[in-house]
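First up is the structure itself, then whatever we jot down about it.
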Amino acid sequence: TGKYFKVVDSDDWVDLDSYKKILDKLREFEQENTQIDMLLANYVYEKEGAKRKKVMRQTGFPRNEIFTWSDIKHIHKGHYILMHSVIFRTKLLQECGLKLPEHTFYVDNLYVFEPLPYVKNMYYLDVNFYRYYIGRQDQSVNETVMISRIDQQIRVTKLMIDYLVVKKQELVKNRRLYQYMRNYLEIIMTVSSVLLIRSGTQEHLDKKKELWEYLKSKDKRLYLWMRNGIMGGTMNLPGRGGRKISVEGYKICQKLFGFN
């Protein structure tokens, strides 16, 4: 029933001072009769046992001003909006027809991904709002747990492929938006691929191959762009040695970004 909608996962929390600043800004928009579709803020990895907390900012996005996709000068590789960063206008979520699959983990990617074509006006408030707790062994984002639920991760990845392909003709009219969503899908393809490699079973290696073939069957041009990129190339290196390089690259990213 609220004008804006925010999801906070049960493991996580928000910073009170940042929350007050966000509410003040939203009230200011109301008083000025200004409408924004999406407000972005920073999130912080509250990683168990880590002394240094990694702050994830919206790199490349204008700060403290209303902006559109065309105002974004450069889409940084590896940057994508997580659920933790975003507050949507409630009616936008209703009007875009968002319907997440039930009894499925990892739908937070769909929750952010599918409304993006409907987002026109955005605002990035540079405050450390969301505290993203990671490190508990039974968490859904724990790597071992994700591998055990890999079919759900693959399902979400395929739904994202389907959505981008269906919307492509509309999206390419807005270059920055399409570029951003394409990069987002590339990251999710990489995550799915590396988890399938990490499991080490032939069954999962076959599923990785099938996932890339699925992308190819849906949009060959998109497949070639992704397969020939640095991420896709690294995830598809041949043989045991190639898979070892893929995993080592993934470990470096873990250390750089502090995720599980």
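The values are calculated or read from the model by the stated rules, or taken from the named source; none is laboratory data. All figures in this text were calculated on a predicted structure; none of them were measured in a lab. Here the Cβ is made from the backbone with ideal geometry for all residues, glycine too, and neighbour counts use every protein chain on show. Calculation scope for accessible area: heavy atoms of the full protein, side chains included, ligands and nucleic acids excluded. Shrake-Rupley method; radii C 1.70, N 1.55, O 1.52, S 1.80 Å.
Please determine whether any residue of region 11-31 is aliphatic (A, V, I, L, M) and part of a strand (DSSP E or B).
Within region 11-31 (the criterion being aliphatic (A, V, I, L, M) and part of a strand (DSSP E or B)), the answer is yes, since at least one residue qualifies.
So which pairs qualify, if the first residue must be in region 47-66 and in a loop (DSSP other than H, G, I, E, B), the second must be at pLDDT 85 or above and hydrophobic (A, V, I, L, M, F, W, C), the Cβ gap must be under 6 Å, and the two must be at least 6 apart or on different chains?
Qualifying pairs under 6 Å: 53/44; 58/40.
Among the residues of region 174-211, which ones are among the hydrophobic types (A, V, I, L, M, F, W, C) and either surrounded by 18 or more Cβ atoms within 10 Å (Cβ to Cβ) or under 16 Å from residue 146 (Cβ atoms) (or both)?
Result: 177, 181, 185, 187, 188, 189, 191, 194, 195, 196, 197, 211.
So that you can scan it fast, the table gives a plain yes or no per residue for (1) at pLDDT below 95; (2) touching a helix residue (DSSP H, G or I) at 6+ places or on another chain (Cβ under 7 Å); (3) of a type in the set (D, E, K, R):
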site: 29; (1), (2), (3): no, no, no
site: 36; (1), (2), (3): no, yes, no
site: 51; (1), (2), (3): yes, no, yes
site: 92; (1), (2), (3): no, yes, no
site: 114; (1), (2), (3): no, yes, yes
site: 124; (1), (2), (3): no, no, no
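Could you check residue 256 against (1) part of a helix (DSSP H, G or I); (2) surrounded by 11 or more Cβ atoms within 10 Å (Cβ to Cβ); (3) at pLDDT below 90 and say which number it fails?
(2)
Scan region 99-130 for residues that are outside any helix (DSSP H, G or I) and within 22 Å of residue 172 (Cβ to Cβ) and jot them down.
114, 115, 119, 120, 121, 122 - these are the residues of region 99-130 that are outside any helix (DSSP H, G or I) and within 22 Å of residue 172 (Cβ to Cβ).
Taking the condition of being touching a residue at least 12 places away in the same chain (Cβ under 8 Å) and closer than 24 Å to residue 112 by Cα, how many residues in region 176-207 meet it?
Residues flagged as touching a residue at least 12 places away in the same chain (Cβ under 8 Å) and closer than 24 Å to residue 112 by Cα within region 176-207 amount to 20.
Going through region 110-124 one residue at a time, which ones are out of contact with any Cys (no Cβ under 6 Å at 6 or more places or on another chain) and open to solvent by less than 20 Å² (accessible area, probe 1.4 Å)?
Across region 110-124, the qualifying residues are 110, 111, 112, 113, 116, 117, 119, 122, 123, 124.
Against the condition in contact with a strand residue (DSSP E or B) (Cβ under 6 Å, 6 or more places away or on another chain) and surrounded by fewer than 17 Cβ atoms within 10 Å (Cβ to Cβ), how does residue 88 come out, does it pass?
So residue 88 fails the test.
Looking only at helices (runs of 4 or more DSSP H) that fall completely inside region 132-246, which ones have 2 or more residues that are in contact with a His (Cβ under 8 Å, 6 or more places away or on another chain) and either under 24 Å from residue 74 (Cα atoms) or at pLDDT below 95 (or both)?
Those helices (runs of 4 or more DSSP H) span 175-199.
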